[in-house]
1. Please count how many residues of the range 21-31 are more than 21 Å from Val92 (Cβ to Cβ) and open to solvent by less than 20 Å² (accessible area, probe 1.4 Å).
2. Residue under question is Ser70, and the condition is that it be buried (at least 16 other Cβ atoms within 10 Å of the Cβ), in contact with a strand residue (DSSP E or B) (Cβ under 9 Å, 6 or more places away or on another chain) and in a strand (DSSP E or B); does it hold?
3. Pairs, please: C-beta under 8 Å, at least 6 apart or cross-chain, first residue part of a loop (DSSP other than H, G, I, E, B) and in the range 77-103, second basic (Lys, Arg)?
4. Can we say Tyr37 is of a type in the set (Ser, Thr, Tyr) and farther than 25 Å from Pro87 by Cβ?
5. Kindly list, by first and then second residue, each pair from a residue in the range 2-27 that is closer than 11 Å to Leu85 by Cβ and β-branched (Val, Ile, Thr) to a residue that is assigned to a strand (DSSP E or B) and open to solvent by 20 Å² or more (accessible area, probe 1.4 Å), limited to pairs with Cβ atoms under 7 Å and residues at least 6 apart or on different chains.
6. So Asp61 passes all but one of these: (1) open to solvent by less than 50 Å² (accessible area, probe 1.4 Å); (2) more than 19 Å from Ser25 (Cα to Cα); (3) not small (Gly, Ala, Ser). Which condition number does it fail?
7. Looking at the range 73-95, which of its residues are hydrophobic (A, V, I, L, M, F, W, C) and open to solvent by 20 Å² or more (accessible area, probe 1.4 Å)?
8. Among residues belonging to the range 101-115 that are open to solvent by 50 Å² or more (accessible area, probe 1.4 Å) and closer than 12 Å to Tyr32 by Cα, point out the one that is modelled with the lowest pLDDT.
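The values are calculated or read from the model by the stated rules, or taken from the named source; none is laboratory data. A quick note: this is a predicted structure, and the numbers were derived from the prediction, not measured. Cβ placement follows ideal geometry from the backbone for every residue including glycine, while neighbour counts extend to all protein chains displayed. Ligands, DNA and RNA are excluded from the accessible area calculation, which covers all protein heavy atoms including side chains. Shrake-Rupley method; radii C 1.70, N 1.55, O 1.52, S 1.80 Å.
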Amino acid sequence: QVQLVESGGGLVQPGGSLRLSCAASGSSLNMYAMGWYRQAPGKQRELVADITSGGNTNYADSVKGRFTISRDNAKNMVYLQMNNLKPEDTAVYYCKARWGPANYWGQGTQVTVSS
């Protein structure tokens with residue numbers, strides 16, 4: 001069983017940056033594929049970025065070139081660096097750990113991009 005806790009969200013102006021963190025406990029993340037998802041009001045949850053246990057990354061087209069996902073297995077942490085934020089990035093951001101058929105989610109952190 002993996003417990004995930006996200007942090008780092010907040011209110012930022014367009015063009016600004018935030019760094020989200022996902023702290024894991026209960027199990028080592030070494031073998032897990034990790035992902036960041038987001039859900040805006042009235043919309044379905046969508047994949048933002050993910051990273052395999054081997055470090056391969058994948059991004060949604062809407063965030064390519066602006067967001068970077070990374071992981072630190074020694075610290076059991078996953079990060080999402082978000083630059084050049086836009087109002088359409090406003091959403092609750094969730095961290096997910098996946099190993100085989102098992103999926104674990106955090107509680108989410110709110111990101112609001114507004115002037």
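1. Adding up the residues that qualify gives 1.
2. Answer is no for this residue.
3. Asn83/Arg66; Asn84/Arg66; Leu85/Arg66
4. Against the criterion (of a type in the set (Ser, Thr, Tyr) and farther than 25 Å from Pro87 by Cβ), Tyr37 does not qualify.
5. Pairs that qualify, where the first residue is closer than 11 Å to Leu85 by Cβ and β-branched (Val, Ile, Thr) and the partner is assigned to a strand (DSSP E or B) and open to solvent by 20 Å² or more (accessible area, probe 1.4 Å), are Val12/Leu18.
6. In the conditions (1) open to solvent by less than 50 Å² (accessible area, probe 1.4 Å); (2) more than 19 Å from Ser25 (Cα to Cα); (3) not small (Gly, Ala, Ser), Asp61 misses (1) alone.
7. Listed by number, the residues that qualify are Ala74, Met77, Val92.
8. Within the range 101-115, the match that is modelled with the lowest pLDDT is Pro101.
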